[in-house]
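Asker: Okay, here's the structure, questions in a sec.
The values are calculated or read from the model by the stated rules, or taken from the named source; none is laboratory data. Because the structure is predicted, anything quoted here is derived from the model rather than measured. Cβ placement follows ideal geometry from the backbone for every residue including glycine, while neighbour counts extend to all protein chains displayed. These area figures cover heavy atoms from the full protein model, side chains too; ligands, DNA and RNA do not enter into them. Shrake-Rupley method; radii C 1.70, N 1.55, O 1.52, S 1.80 Å.
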Amino acid sequence: MCGIIGYCGHRPAVPLVLEGLKRLEYRGYDSAGLAFLQLNKLEVIRSEGKLCNLEEKVAKTANTFAPISIGHTRWATHGLPVERNSHPHKSNNNALAIVHNGIIENFQELKDELLQKGYVFYSDTDTEVLANLISDELDALFAAKFSKKYEQMQAELESISQNSLQYLPYMEEAFRNALKRAHGAYAVVLLSPLIPQHLLAARLSAPLLLGIGIGEYFIASDVPAFLPYTRDVVFLDDNEYVVLSASSYAVKNIYVGEEIAKTVHHIPWDLQGAAKDGYKHFMLKEIMEQPRVLQDCLVGRLQDDMVCLPELDTLAVPDSIRIIACGTSYNAGLWSQYYLEQFAEIPVTVEIASEFRYRKPILNKNELVVVISQSGETADTLGALRLCREKDYPVLGICNVLGSSVAREATVSLYTQAGPEISVASTKAMLSQMVVLLLLALYYGQRKKLACPVREVLRELKALPEILENALPKMRDKAKEFAFQYAFAKSFFYLGRGIAYSLALEGALKLKELSYIHAEGYATGEIKHGPIALIDPDFPTFALAFDDENFSKVRSGIQEIKSRQGRVISLLQEGTTLENEDLWYIPKTKLPEFIALPAMQLFSYEMADYLGKDVDQPRNLAKSVTVE
Ligand code: AGP
């Protein structure tokens, strides 16, 4: 995920910004850059790869004493991770530079308009479009007031530093006018030689906060960026912008321009804790950010209640699909089988990569291979991908890490846009894979012109972030309560039927990898074919009982366990009930998997934390398994 920091104050700004970017490194990034003013001229330095590359370039530049600067680390989602796409981006006339997190959804429309006016674009980014849109608005204001454009005012501009306030109202208005036209999500910070003592910054659906020091102000996407200097913070809300200088700040509304009184919050975290946004572990942070992940996965993929996956438009609709993956990614693939068969009417086989690659697999004619990998570097998954590519089968890679091996070697790739996942246990990555796979099922249903309920499913999907956001705090309390009650267990069954079956596998995987409690996931209907022999009061079960056509059968399965003195935690949706004391209610939705998955993640998390295990780095495990 991208990171932003901006500074104005009494310290040399460039080294401070570089240090701030380092503290945002944990978010993951593939390029970085910063901008500052040198003799009132805008200087931008950018570099691909790690921050040390940027540092090297900066070290060769004379002025690192500039008192004002903005910086950015970019985690590419649209456009390659190359220097020309990295931030800051300047407007054509060098009037301003911006750094930006988020996605301007209508950027193509705005870009076309600017292209017609003669603007030139040097990157593939939406950010450069926004930079030029602001400068275009500025030129319109200048033309009306001074009958000149910015470029024709060079002589006057040289004396600006003595009188910076003169142009501030124009820049503010241009900034606001442009942002009013930008749809989507943004956290944006602007630096301009026209207002050399000020930064402008705004937010819509992307985090941005102001750090308040003495004789200095900071603006950043995340607290750690400025934590060594201040813990006093103002959180910007949507549609707010801030004008800051070394001596003052004013938060205003983008639409009406009126100043807004804001509360200053004191951050109690130390640096290390803040890197986890105040959460005790990365895993917990990653579980809790899933509402945002749900939203991010949809960005740019829906249009007029239709699913758009243009990456796939050139591939034929397959007659069958072979999904190949490992671990949690395999479980996501297994889950999607139900939807791909139901909505796209395509037969699906799901395979464990390490098994697939050592068979002599026979693929069907016109079969699409889908490999799923959060990291995009899992050796077995890559091996399977290569085997299929050698045989000339088209491979769709679904992965989270841009530029990873899976992304590079697959015929086409879909990114899950979940942001970097730091905890070894995969949580938000699986949720994002499920979103992409569900969209894939709808997409093929659309292409085959089947009567699949695209509109209804999308409506449910779009409602999920809010439902999950509201449910998470209560679910965490419940997870804690059950972890405390069930921490005695040496073994656990996880049961699910239909769409819940693969989630049962995932629940068991999470519990064993984190808490080292033996756990097995089973299809609810299968338990009576042998495993039920293990049930006794010390062998509990976690049962998924969604409100669907399988509910009554799942209820019977739970009863069979109860009548053998087995203890059961039943996860069920509001509006249903079961004859069982340990009920865990989740909100009613037609896509309960997206709520049940975080619930089970929380249960494993709380269990591991209660038992004092190393949550983020469980023994023997690595984030990405690059060996066979
Ligand atoms: C899940 O919590 C594990 N860390 C593991 O099963 C993981 O999903 C598996 O190794 C596959 O990784 P990938 O998605 O990066 O390919």
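Asker: If one puts a single equal scatterer on every Cα of the stretch 1-90 and applies the Debye formula without solvent, what log₁₀ I(q)/I(0) results at q = 0.19, 0.22, 0.24 Å⁻¹?
Answerer: For the requested q values the scattering log ratios are -0.76, -1.01, -1.19.
Asker: Starting from the Cα of Ala140, move 7 Å in the Cα-to-Cβ direction to define the label point; list residues of the stretch 71-112 whose amide nitrogen is under 14 Å from there.
Answerer: In the stretch 71-112, the label zone of Ala140 (backbone N under 14 Å from the point 7 Å along Cα→Cβ) covers 110-111.
Asker: For the stretch 569-606, run through the chymotrypsin sites (Phe, Trp or Tyr not before Pro) and keep only the ones in DSSP coil with at most 14 other Cβ atoms within 10 Å of their Cβ.
Answerer: none
Asker: Moving to a separate point now. Expressed as a whole number of Å, what is the distance separating the alpha-carbon centroids of the stretch 4-74 and the stretch 439-457?
Answerer: 46
Asker: Here is a further query. Rounded to whole Hz and in sequence order, give me ³J(HN,Hα) for the stretch 522-535 from the Karplus expression 6.51 cos²θ - 1.76 cosθ + 1.60, θ = phi - 60°, writing x for Gly and Pro.
Answerer: Couplings: 9, 6, 3, x, 8, 4, 6, 8, x, x, 4, 4, 7, 5 Hz.
Asker: Rounded, prolate or oblate: which fits the stretch 370-473 when a ≥ b ≥ c are the square roots of the eigenvalues of the alpha-carbon gyration tensor, with rounded for a/c under 1.5 and prolate only if a/b beats b/c?
Answerer: oblate
Asker: Of all the Cα-Cα pairs you can form in the chain, what percent are over 42 Å apart?
Answerer: Looking at the chain, the distances longer than 42 Å represent 30 percent of pairs.
Asker: Where does each of Lys252, Lys428 land when they are ordered by accessible area, with a 1.4 Å probe and the largest first?
Answerer: Reading off the accessible areas and sorting them downward yields Lys252, Lys428.
Asker: Can you say what percent of the DSSP beta bridges in the chain, counting only those with both residues inside, are antiparallel? Round to 5.
Answerer: Numbers: 61 of 99 bridges.
Antiparallel bridges make up about 60 percent of those DSSP assigns within the chain.
Asker: How much length is gained if the chain between Phe488 and Phe121 is pulled fully straight, taking 0.36 nm per residue apart and subtracting their Cα-Cα distance, in nm to one decimal?
Answerer: Difference between extended and current length: 125.9 nm.
Asker: Now for a different question. Once the principal axes of the Cα atoms of the stretch 416-505 are found, what is the range along each, listed largest first in whole angstroms?
Answerer: Projected onto its principal axes, the Cα set of the stretch 416-505 covers 52, 26, 24 Å.
Asker: Using a ≥ b ≥ c from the Cα gyration tensor of the stretch 393-452 (square roots of the eigenvalues), is it rounded, prolate or oblate, where a/c under 1.5 gives rounded and otherwise the larger of a/b and b/c decides, a/b for prolate?
Answerer: Oblate, since a/c reaches 1.5 and b/c is not below a/b.
Asker: Starting from the Cα-Cα distance between Glu105 and Ser248, subtract it from 0.36 nm times their residue separation and give me the gain in nm to one decimal.
Answerer: The span from Glu105 to Ser248 would gain 48.2 nm if fully extended.
Asker: Looking at the stretch 504-562, which GluC sites (Glu not before Pro) are in a loop (DSSP not H, G, I, E or B) and have at most 10 other Cβ atoms within 10 Å?
Answerer: Details: sites: Glu506, Glu513, Glu520, Glu526, Glu549, Glu560; in loops: Glu549.
Filter output for the stretch 504-562: Glu549.
Asker: For Arg408 and Ser556, calculate 0.36 nm times their separation in residues minus their Cα-Cα distance, and state this gained length in nm to one decimal.
Answerer: 48.5 nm is the gain from fully extending Arg408 to Ser556.
Asker: Continuing with the same structure: Rounding to the nearest 20 debye, state how big the charge dipole of the chain is about its Cα centre with +1 on each Lys and Arg Cβ and -1 on each Asp and Glu Cβ.
Answerer: 580
Asker: Given R₀ = 22 Å, FRET efficiency for Ile260-Glu113 by Cβ-Cβ distance, to 0.05?
Answerer: The computed FRET efficiency comes out at 0.10.
Asker: Of the accessible area of the stretch 504-620, with the probe set at 1.4 angstrom, what percent is carbon plus sulfur? Let's see the in-between values first.
Answerer: On the way: 2190 of 4580 Å².
Its accessible area is 48 percent carbon and sulfur atoms.
Asker: Related question: If you average 1/r over every pair of different alpha-carbon atoms in the stretch 37-183 and take one over that average, what Kirkwood value in Å do you get?
Answerer: 16.5
Asker: In the stretch 2-51, which trypsin sites (Lys or Arg not before Pro) are in a loop and have at most 16 other Cβ atoms within 10 Å, using DSSP for the loop call?
Answerer: Here the sparse-neighbourhood loop sites are Lys50.
Asker: Can you compute the FRET efficiency between Asn470 and Gln38 using 1/(1 + (r/R0)^6), with r the Cβ-Cβ distance and R0 = 60 Å? Round to the nearest 0.05.
Answerer: Given R0 = 60 Å and the Cβ-Cβ separation, E is 0.75.
Asker: May I ask which of Lys490/Lys562; Lys90/Lys428; Lys50/Lys149 have a Cα-Cα span longer than 30 Å here?
Answerer: Those over the limit are Lys90/Lys428; Lys50/Lys149.
Asker: Report, in degrees rounded to the nearest 10, the 0 to 90 angle that the Cα long axis of helix 168-181 makes with the longest principal axis of the chain.
Answerer: 30
Asker: Then there is this: How much accessible area per residue does the chain have, counting only protein heavy atoms and a probe of 1.4 Å, in square angstrom?
Answerer: Accessible area per residue: 39 Å².
Asker: Post the alpha-carbon centroid distance, the stretch 466-529 to the stretch 228-269, in whole angstrom.
Answerer: About 42 Å separates the Cα centre of the stretch 466-529 from the one of the stretch 228-269.
Asker: Right, something else. Which whole number in µm²/s is D for the stretch 269-330 by Stokes-Einstein, with the Kirkwood Rh taken over Cα pairs at 20 °C and 1.002 mPa s?
Answerer: Estimated diffusion coefficient is 138 µm²/s.
Asker: What is the list of residues in the stretch 9-26 whose amide nitrogen lies under 20 Å from a point 7 angstrom out from the Cα of Cys52, following Cα to Cβ?
Answerer: Flagged as within label range: 15-26.
Asker: Give the residues of the stretch 185-201 whose amide nitrogen is closer than 19 Å to a point set 7 Å from the Cα of Met153 in the direction of its Cβ.
Answerer: 190-201
Asker: Same structure, new question: If you project the alpha carbons of the stretch 499-628 onto their three principal axes, what span does each projection cover, largest first, in Å?
Answerer: Extents along the principal axes: 43, 34, 31 Å.
Asker: May I pose another question? Would you please give the FRET efficiency between Leu450 and His529, computed as 1/(1 + (r/R0)^6) with r the Cβ-Cβ distance and R0 = 30 Å, to the nearest 0.05? Intermediate values should be presented prior to the final figure.
Answerer: Values: r = 35 Å, r/R0 = 1.16.
That gives a FRET efficiency of 0.30.
Asker: Rounded, prolate or oblate, given the Cα gyration tensor of the stretch 326-402, with a/c below 1.5 counting as rounded?
Answerer: Oblate is the answer for the stretch 326-402, as a/c is 1.5 or above yet b/c matches or exceeds a/b.
Asker: What's the Cα-based Rg to Rh of the stretch 400-559, Rh via Kirkwood?
Answerer: Result for the stretch 400-559 is an Rg/Rh of 1.01.
Asker: With no solvent and one point per C-alpha, what does the Debye sum give as log10 I(q)/I(0) for the stretch 135-229 at q = 0.13, 0.15, 0.22 Å⁻¹?
Answerer: -0.55, -0.70, -1.14
Asker: Can I ask one more? Could you list, in their original order, any pairs among Lys474/Lys613; Lys57/Lys180; Lys22/Lys588; Lys57/Lys262 whose Cα atoms are separated by more than 31 Å?
Answerer: Values: Lys474/Lys613 23 Å; Lys57/Lys180 36 Å; Lys22/Lys588 42 Å; Lys57/Lys262 38 Å.
Too far apart for the 31 Å limit: Lys57/Lys180; Lys22/Lys588; Lys57/Lys262.
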